[in-house]
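Enquirer: So that we are looking at the same thing, I have put the structure below in structure tokens.
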Amino acid sequence: MKFIEILLLTVGISFDSFAVMTCKGAMLPQIKKPQLIKIGIIFGGWQALVLLLSNFALIHYLGNFIMFSNSISVSILIKILPVLIFFGLGIYMIWKALKNKFIHERREEDLLLRDIFILAVITSIDALLVGIGLAFLKINLFDSMLSIILINFLSVIFGVYTGYYYGYEQKTKAYTIGGIMLVSIGMRVLLNTLFS
Amino acid sequence: MLNNKDKNTKKLLCESFKRQLLKRSFDKITIKMITDGAGVIRPTFYNYYRDKYEVFEYILDEELINVTYILIDNGMEIEAIKMIFTYFDNNRSFFHEAFKVEGQNSFEGILVTKISQLFQRIIQKHNVKIRESANILSTENIAKYYSIGIVYILKMWILSDKFEKITSDEMFNAYMFIITHSMFDIIEKPV
């Protein structure tokens, strides 16, 4: 997998954070920039951390066991699991877009950091799975670390601004784009696996 | 205190909300739709309202409740109640949609609260005491009881096709008869 594909995958899952922050931004009467940067660091940083840690942990601690196993079933699992993860997450995001859940837009004076962190933990399941999926593809994210952190940080900032100016309804587009990106990458991995 | 420009913007947002409610259900109205209709940027909405429900409160206060308070303060209680019926009749299509908003912050709930406050004002103004046989109830309880009654009549009248042709005068007269008579005066035995 090329560097650009890793970045596209990161952008794909960051659309989930973007959508969540769009809903938060839609409740704000005004954006306080210092607070937004803090949120970007906490929310975006947590997503990046989960993605990187799940990837490193699997590569370093479980890697030897799985990668060098001679069992055929394990080697099939290694090839299939990333595809299933990317497809699954992509389809889940598209489903969320189609569901188009209505949200009660109500003014919130402030974004509480505690609430943001809880939201970040809930949303980071996608990042955890993608980190695992990439580890199965023997891709170490260490080299892409800075880009991953930056993408996640920016997704939060742009998400809040989009919600603030254009409303939470923009989340549907974010889920659709993110979902299509993840499914496309899943497809690419599947084709690579089949024809390599 | 709002200046003239703020009052205009608040009114524009309110008018836009009214137009939206005639086009789509309350749940599907977004703040962006309201601000686009009013020709202002989205964040402006929160300078005037906390959420869509507060627009309902503003509409009721501005167009009905404040005027009825003036009538009550001038000793025109019956006219105030009559005005409620006339106002709902004049804005029938808007309130037809408004009454469909259910849940914790239903329009019906907002209206009950507003009219209950209005009835409390009438009770307080006349400085009356609750009779001994009902004095376990507070003035608040009694005002709420009567406000639920009038709101039920309004809702039934506005939502039911059966009452579509009933005028505000007819409904007002029926309502006044109900609240000024006992149940046995209202119901007649068939001859």
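The values are calculated or read from the model by the stated rules, or taken from the named source; none is laboratory data. Please read all numbers here as calculations on a predicted model, not as lab measurements. Backbone-built Cβ (ideal geometry, glycine too); neighbour counts: all protein chains shown.
Enquirer: Residues to consider are B:94, B:177; find the one that is in a helix (DSSP H, G or I), surrounded by 15 or more Cβ atoms within 10 Å (Cβ to Cβ) and either in the same structural domain as residue B:70 (by TED's automatic domain parsing) or more than 15 Å from the chain's Cα centre (by Cα) (or both).
Expert: B:94
Enquirer: Just one of the numbered conditions (1) in a helix (DSSP H, G or I); (2) of a type in the set (Gly, Ala, Ser); (3) over 16 Å from the mean Cα position of the chain (by Cα) is not true of residue B:75; which one?
Expert: Among (1) in a helix (DSSP H, G or I); (2) of a type in the set (Gly, Ala, Ser); (3) over 16 Å from the mean Cα position of the chain (by Cα), the lone unmet condition for residue B:75 is (1).
Enquirer: For residues that are assigned to a helix (DSSP H, G or I) and among the hydroxyl-bearing types (Ser, Thr, Tyr), scanning just the range B:135-164, find the one that is farthest from residue B:98 (Cα to Cα).
Expert: That would be B:139.
Enquirer: Now for a separate question. From the list B:55, B:67, B:40, B:101, pick out the single residue that is under 17 Å from residue B:155 (Cβ atoms) and among the β-branched types (Val, Ile, Thr).
Expert: Step by step, each of B:55, B:67, B:40, B:101 is checked, and only B:101 is under 17 Å from residue B:155 (Cβ atoms) and among the β-branched types (Val, Ile, Thr).
Enquirer: Scan the range B:98-109 and give yes if some residue there is under 21 Å from residue B:165 (Cβ atoms) and in a helix (DSSP H, G or I), otherwise no.
Expert: yes
Enquirer: Also, I was wondering about something else. Can you list the helices (runs of 4 or more DSSP H) lying wholly within the range B:1-71 that have 2 or more residues being facing chain A (nearest Cβ under 10 Å)?
Expert: Per the criteria, B:31-38, B:45-48, B:52-60.
Enquirer: Residues B:25, B:106, B:93, B:16: which one is modelled with pLDDT of 95 or more and of a type in the set (Gly, Ala, Ser)?
Expert: Only one candidate qualifies: B:16.
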